[in-house]
Amino acid sequence: MQINAKNVQNITLLAIESSCDDTAASIICNAKIVSNVIANQDIHQQYGGVVPELASRAHQKNIVPVVDMALKQANVSLDAIDGIAYTQGPGLLGSLLVGSSFAKGLALALNKPLVAVNHLEAHVLSLLIDSPDTPFPYLCLLVSGGHTEIVKVNSPSSMEILGRTIDDAAGEAFDKVAKILGLPYPGGPLIDSNAKNGDPHCFSFPSGKVPNLDFSFSGFKTAVLYFIKDAVKKDATFVEQNLSNICASVQQNIITYLLSKLKQAALQTKIKHIAIAGGVSANLGLRTEFLKMAKDQSWTTYIPKLEYCTDNAAMIAMAAHFKFLDHNMASLGDGSFASFDR
Ligand SMILES: Nc1ncnc2c1ncn2[C@@H]1O[C@H](COP(=O)(O)OP(=O)(O)O)[C@@H](O)[C@H]1O
Ligand SMILES: [Mg+2]
């Protein structure tokens, strides 16, 4: 099936994302993103991870100015909005409640339809923002802080999970290794930047051994932990002296593992339109190696812009656009919070 996002006219939606620690709002007009505003929450850095209660309080503080700015940047008034979309889940309950309550309040006050969006489906559809002609089905390696999945996308409303992590997510592996190395949260981007000057083959670590298209990262993380502990026992300055090489090697290990499973999925399904999405798809090493593999395998690739990789409301707006077209609206009384299981 080919759904051509750019042929669809005259729908303007406001989308709100608040699943974790970013408060975001976006306006989409006729399937084009016209504003994309995000307020990050630096407060979590000092705790080495997201503190749910602090995240929901920060969402409460940020949501009005973020929505206001998204409307202003798009030069759109609330009257001109045809519907209000929000992230239904998965995510932190308190964080989701802020975005969903705000969206429902606004929908009630303005008497506009409401669209509930699954955060993971939005990641998987994020590439359609800039590649509206992407043919279905495509495969998407979805790699974020909470999820690692290979998804077969049959259409914007029909997706199948072909494989998923049985423990940690790829982003979690990046963040946990970064913590072991004494880097602040979120460590993924810092591993990425340190890896640029390192030798990716300096150190090697075992990859998770799970069958089929599933992933496992917990053994890898533990192996890195004990490797660092032993090395630091012998030389207290080991991490300091070898930071770039450790980061490059850790990153290489994660990338090779992710891409080997993605290649297996492409061979099994015979699909050659392949995408990456989610926070970890911002990783420069992954983007580069993915393109290399694509050349070898004759894949057509789809990689979202950096701003659409990590959590954002533009992808919620894109996913909401398709649901709005399908008349797939939420009700004000819907108090459920989605999971990706189907
Ligand atoms: N350049 C990068 N390299 C590796 N990991 C990254 C990079 N940028 C972001 N990440 C990771 O992406 C994850 C966040 O993904 P995101 O989709 O924004 O959030 P969530 O997991 O809440 O959906 C974090 O684990 C973060 O470390
Ligand atoms: Mg995300």
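Relative to the longest principal axis of the Cα atoms of the chain, helix 238-269 runs at roughly 60 degrees. Each residue of the range 275-288 was assigned a 3J(HN,Hα) from its phi angle through the Karplus curve 6.51 cos²θ - 1.76 cosθ + 1.60 (θ = phi - 60°); the sequence is 10, 10, 7, x, x, 6, 6, 6, 5, 4, x, 5, 4, 5 Hz, with glycine and proline shown as x. With unit charges on the beta carbon (Lys/Arg positive, Asp/Glu negative), name the residue among HIS44, GLY91, ASN111 whose Cα is farthest towards the positive pole of the charge dipole of the range 19-116. In the range 19-116, that residue is ASN111.
From Cα pairs below 8 angstrom and at least 6 apart in sequence, can you work out the relative contact order of the chain, rounded to a whole percent?
On the way: 726 pairs, mean separation 80.0, N = 342.
The value is 23 percent.
Protection proxy ranking of 76-88, 270-282, by the mean of other Cβ atoms within 10 Å over each peptide's residues and highest first, is 270-282, 76-88. Rounded to the nearest 20 debye, the dipole size of the range 126-269 about its Cα centre is 360 debye, using +1 on the Cβ of Lys and Arg and -1 on the Cβ of Asp and Glu. Overall, the chain carries a charge dipole of about 540 debye about its Cα centre when +1 sits on the Cβ of Lys and Arg and -1 on the Cβ of Asp and Glu, all other atoms neutral. The distance from the alpha carbon centre of the range 120-154 to that of the range 281-342 is 4 Å, rounded to a whole number. Between LYS261, LYS104, LYS295, the Gaussian network model of the chain with springs among Cα atoms under 10 angstrom shows the greatest mean-square fluctuation at LYS295. The mean sequence distance of close C-alpha pairs (under 8 Å, at least 6 residues apart), as a share of the length of the range 135-303, puts its relative contact order at 28 percent. What the phi angles of the range 101-115 give under the Karplus curve with 6.51, -1.76 and 1.60, with θ = phi - 60°, is a coupling list of 5, 4, 4, 5, x, 5, 4, 5, 5, 8, 6, 10, x, 10, 10 Hz, glycine and proline written as x.
How do ASP199, ASP214 line up, fewest other C-beta atoms within 10 Å first?
Lowest count first: ASP199, ASP214.
Computed over the chain, the quotient of the alpha carbon radius of gyration and 2.2 N^0.38 Å is 1.00. Looking at the range 135-303, the DSSP beta bridges with both ends there are about 60 percent antiparallel.
How high is the relative contact order of the range 1-124, in percent, with contacts defined as C-alpha pairs under 8 Å that are six or more residues apart?
In percent, rounded to a whole number, it is 28.
Considering only ALA170, HIS273, TYR302, and ranking their Cα positions along the charge dipole of the range 135-303 that arises from unit charges at the beta-carbon of Lys, Arg, Asp and Glu, the one farthest toward the positive end is HIS273.
Treating the angle as unsigned and between 0 and 90°, give the value, to the nearest 10°, between the Cα long axis of helix 314-325 and the longest Cα principal axis of the chain. Long axis of 314-325 versus the principal axis of the chain: about 40 degrees.
Coordinate-derived values only; no laboratory data. This structure is a prediction, so every number in the text was calculated from the model and none was measured. Note that each Cβ is placed from the backbone with ideal geometry, even for glycine, and that neighbours are counted across all protein chains shown.
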